[in-house]
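Visitor: Below: one structure in structure tokens.
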Amino acid sequence: MIKLFKEDLIYKNNHIPRILLGTAPFTAEGYFGHRSRLYQLDLEDNPGNIAEIIKKANNIGVKGINLNTNEKLLKGFDIAIENGVEMSVVGIIGKSDINYMFPDYEKAKKADWEEDINILSKYNTKIILIDEFITDSYDFELLENILTEIKDNGYISGIITSFPFKTTEKLLRSSIKDLFDFYMVPVNKLGYMMDTDSFLDNQRQKLSNLLNKLDKKVIINKILAAGIQQPEEAFNFLKTLDYAEMVSIGVSSIKETEKDFGLLQKL
């Protein structure tokens, strides 16, 4: 396992932090259940609170953030920058208000991803990822157009999926296989929010084989299973993943920030 805090990923002459501050709690994503409402009140509606968590993470040593173009999230990030925060950005484009339980992929494909690229250009953005609801529409012609636009604007390109098994299998046979460099997938010990009924040794080996065959730089998200998994157990599991190049960790408070990233420092 790579020492996540101690070694940047060097890719195409770019130094890329291996640990990213995830921002799903800041935007009160629906998959957090009842906590989403609390996150909305405490974080999304209070960009100053977002800024404080970003600043704390940066002070601990987190040098990267997984940023989308949510207006309140960006306001919080701007406040943090004004207060001395310096972070590389792994940006997400094409994010829209999609129901995780009943996703409308046609609606997702209409997101203004071009404007998102313009917005992210204001920051220290190194990588731009396409939102999972566009990726998982499997409209490979659209994905090819977006990936080309990302590259033409001078960024390293990547995609996100909600379905690490199904989507990876499709990508191996797709026209875009060689058009992107980074791949964000949900992985956690419980198999939560993954497209598998169980995630035991056989399934874990199958996913490892698929991801290694695809041969992209893999960013792990949802390692904490949306807060269900205890950080110590989750991070020990992370150490076993031979394909993990980076990880995105979302936190919702200063206390969580200190605990989670403190534990990661010891990996």
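The values are calculated or read from the model by the stated rules, or taken from the named source; none is laboratory data. Owing to the predicted nature of the structure, the values given are computational and were not obtained by experimental measurement. FYI the Cβ positions are ideal-geometry reconstructions off the backbone, even for glycines, and counts take in every protein chain you see. Note: accessible area is taken over every heavy atom of the protein model, side chains too, but ligands, DNA and RNA are not part of it. Shrake-Rupley method; radii C 1.70, N 1.55, O 1.52, S 1.80 Å.
Visitor: Simple spin-label model, 7 Å along Cα-to-Cβ: ASN153 to LYS166 in nm?
Guide: Rounded to a tenth, the inter-label distance reads 2.8 nm.
Visitor: Would you work out which of MET194, LEU120, ALA28 lies farthest towards the positive end of the dipole of the chain, given +1 charges on the beta-carbon of Lys and Arg and -1 on that of Asp and Glu, about the Cα centre?
Guide: Among MET194, LEU120, ALA28, the one farthest towards the positive end of the dipole of the chain is MET194.
Visitor: Picking from ILE60, LEU263, ASN221, whose Cα lies most toward the positive end of the charge dipole for the chain (charges on Cβ: Lys, Arg +1; Asp, Glu -1)?
Guide: Sorting the options by dipole projection puts first LEU263.
Visitor: Could you give the size of the charge dipole of the chain about its Cα centre, using +1 on the Cβ of each K and R and -1 on the Cβ of each D and E, expressed in debye and rounded to the nearest 20?
Guide: Using only the charged Cβ atoms, the result is roughly 860 debye.
Visitor: Okay, next question. Near the amide H of ILE223, under 5 Å away, which other amide H atoms are found, from residues 5 or more places off or on another chain, if H is placed in the peptide plane?
Guide: Long-range HN contacts for ILE223: VAL187.
Visitor: Treat every Asp and Glu Cβ in segment 170-243 as -1 and every Lys and Arg Cβ as +1, leave all other atoms uncharged, and give the resulting dipole magnitude about the Cα centre to the nearest 20 debye.
Guide: 240 debye
Visitor: Order the peptides 130-138, 159-167, 193-201 from the highest to the lowest mean number of other Cβ atoms within 10 Å of their residues.
Guide: My ranking of the peptides, most packed first, is 130-138, 159-167, 193-201.
Visitor: Here's something else I'd like to know. As an exercise, use a Förster radius of 30 Å and the Cβ-Cβ distance of ASN202 and LEU263 to find the FRET efficiency, rounded to the nearest 0.05.
Guide: 0.55
Visitor: Per the helix-only calculation at 222 nm, which mean residue ellipticity applies to the chain, given -39500 (n - 2.57) for every DSSP H run of n ≥ 4 and division by its residues, nearest 500 deg cm²/dmol?
Guide: -11000 deg cm²/dmol
Visitor: Can you pull out the GluC sites (Glu not before Pro) in segment 5-47 that DSSP calls coil and that have at most 15 other Cβ atoms within 10 Å?
Guide: Qualifying residues, ordered by number: GLU7.
Visitor: Straight-line reach only, C-alpha to C-alpha below 22 angstrom: list the lysines that LYS239 could link to, leaving out same-chain residues fewer than 8 apart.
Guide: Qualifying lysines at Cα under 22 Å: LYS3, LYS6, LYS63, LYS189, LYS206, LYS213, LYS216, LYS217, LYS222, LYS259, LYS266.
Visitor: Kindly state, to the nearest 0.05, the FRET efficiency for ILE10 paired with ASN209, given R0 = 22 Å and r defined as their beta-carbon distance.
Guide: 0.30
Visitor: Out of all DSSP beta bridges with both ends in the chain, state the antiparallel percent to the nearest 5.
Guide: DSSP beta bridges in the chain are roughly 10 percent antiparallel.
Visitor: Kindly report the accessible area of the chain per residue (heavy atoms of protein chains, probe 1.4 Å, no ligands, DNA or RNA), in Å².
Guide: 46 Å²
Visitor: What is the percent carbon and sulfur in the accessible area of the chain, measuring with a 1.4 Å probe over the protein chains and ignoring ligands?
Guide: Carbon with sulfur: 44 percent of the solvent-accessible area.
Visitor: Determine the distance separating the Cα centre of segment 119-159 from the Cα centre of segment 39-58; give it in Å without decimals.
Guide: Segment 119-159 and segment 39-58 have Cα centres spaced 26 Å from each other.
Visitor: Continuing with this model, one more query. Given the C-alpha centroids of segment 222-259 and segment 188-220, what is the distance between them in whole angstrom?
Guide: Taking the Cα centre of each part, segment 222-259 and segment 188-220 sit 16 Å apart.
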